[in-house]
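Asks: Pasting a structure here, questions to come.
Just so you know, all these numbers are worked out from the coordinates, no wet-lab data involved. These numbers come from a predicted model, not from an experiment. Every residue, glycine as well, gets a Cβ built from its backbone with ideal geometry; the counts of neighbours run over all protein chains shown.
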Amino acid sequence: MPIERYSYDTVETLKDMQAGWEALRAVRKAITPSAESNPQLEFILRAPDINIHVIDVSFAVLKDSAERDYLHRLPTSLVLPGEAVDRLRAAARTTILESPAIQALVRQDSARVLGSGPKTSAGSAQTEGVPPRAPVE
């Protein structure tokens with residue numbers, strides 16, 4: 001439960017940061033001509049031109065109920081058998097790539113899928129020079 005609470009708090013903090021940056025950018029757009037000569041408004045002028053997309057993914061979306069149950073039964077541990085690690089990585093990739101939110105970002109050209117080459121034994125895609133643990137950017 002504490003991990004879930006921490007994750008929830010982190011997600012909400014990221015959402016708040018994004019909303020704050022959007023507000024600062026809107027103010028910056030409105031005041032830029034007059035603000036450039038006012039050092040008190042420097043903070044607004046430096047509002048980041050980035051967007052944070054908070055996306056919740058979980059094994060609950062996996063279609064294979066046996067695989068989903070297997071993954072949910074794995075212990076929280078720093079040491080797992082190689083097969084478990086391979087299955088976790090393959091499931092993580094599937095849940096991320098099949099996420100409707102990720103697919104929407106790809107359609108909007110806000111994200112792109114990396115590593116769509118041939119499958120490895122662990123089920124992850126490999127492309128030369130692209131780390132297999134970073135399926136989206």
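Asks: Distances over 24 Å make up what percent of all Cα-Cα pairs in region 1-111?
Replies: That fraction is 49 percent.
Asks: If each of L74 and E42 carries a label point 7 Å out from its Cα toward its Cβ, how far apart are those two points in nm?
Replies: Going by the 7 Å Cα→Cβ label model, 4.8 nm.
Asks: Net charge within 14 Å of D16 by Cβ-Cβ distance, Lys/Arg positive one each and Asp/Glu negative one each, not counting D16 itself?
Replies: Result for the local shell: -2.
Asks: Hey, can you grab everything whose amide H is under 5 Å from the amide H of A111? Only 5+ residues off in sequence or another chain; H modelled, so Pro and N-termini drop out.
Replies: V106
Asks: Using DSSP to call loops (not H, G, I, E or B), can you name the GluC sites (Glu not before Pro) in region 1-85 whose Cβ has at most 13 other Cβ atoms within 10 angstrom?
Replies: Within region 1-85, the qualifying GluC sites (Glu not before Pro) (loop, at most 13 other Cβ atoms within 10 Å) are E36.
Asks: Along Cα→Cβ, 7 Å out, is where each label goes; now give me the distance between the ones at S34 and A84 in nm to one decimal.
Replies: 6.3
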